[in-house]
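Structure, as structure tokens:
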Amino acid sequence: MDGIIDNLTNAINTWNQKLAEIWLLLTQSPETFRGGHIWQIITKIHGALVAIGLALLVLFFVVGVLKTCINFDQVKRPEQALKLFLRFVIARAMVVYGMELMMKIFEIIQGITSKIMTTVGIGAATSTTLPKEIITAVEDCDF
């Protein structure tokens, strides 16, 4: 009988640990979650992705100029030059500032979630425990 109670207790402890991790995700910023180690990895990956993205952006920009302009005299036309310039600036902004945009969206969602949780009355993660009735019922059971 002790094995069943031990299994139930281990399952509830695992449940509590996972709920605590989810609670940390909802209440902490990514920079401070788990000491910031995960955030450091994300920023390193982001730096590499920005470098790759900028290289691809230049490549696609050159290919786009060659495709849209029959000759280089068309590039000199103001409307064509402005169109190419705006396309390049928007694409560059998305590559370089994509992470910051994602973080701002995350902060907004985190604020909304926090407000909903405090309004509902869930102020902190609570731990689940095995009720004494279940323990006594399992101990009293004859298998």
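Within the accessible area of the chain, what % is carbon and sulfur when the probe is 1.4 Å and the other protein chains stay in place?
Whole-percent figure for carbon plus sulfur exposure: 70.
In whole angstrom, note down how far apart the Cα centers of region 1-41 and region 67-103 are.
Here the answer is 45 Å between Cα centres.
Sequence gap at least 6, Cα distance under 8 Å: using those rules, report the relative contact order of the chain to the nearest whole percent.
The normalised contact order for the chain reaches 48 percent.
With volume of the Cα convex hull per residue in Å³ defined as stated, name the option among [x] 186; [y] 119; [z] 102 computed from the structure displayed.
[x]
Residue 67: which lysines have alpha carbons under 18 Å from its alpha carbon, excluding same-chain residues fewer than 8 sequence positions away?
Result set, ordered by chain and number: 76, 83.
Counting only helical runs of four or more DSSP H residues, what would the 222 nm mean residue ellipticity of the chain come to if each run contributes -39,500 (n - 2.57) and the total is spread over all its residues? Before the final figure, lay out the partial values.
Numbers: 5 runs with 115 residues, N = 143.
Per the formula, -28000 deg cm²/dmol.
Residue by residue through region 47-63, which ³J(HN,Hα) values in whole Hz follow from phi under the Karplus form 6.51 cos²θ - 1.76 cosθ + 1.60 (θ = phi - 60°), with glycine and proline marked x?
x, 5, 5, 5, 4, 5, x, 5, 5, 5, 4, 5, 4, 5, 5, 5, 5
The values are calculated or read from the model by the stated rules, or taken from the named source; none is laboratory data. Treat the numbers as computed from the prediction; the structure is a model and nothing was measured. With ligands, DNA and RNA removed, areas are computed over all heavy atoms of the protein, side chains included. Shrake-Rupley method; radii C 1.70, N 1.55, O 1.52, S 1.80 Å.
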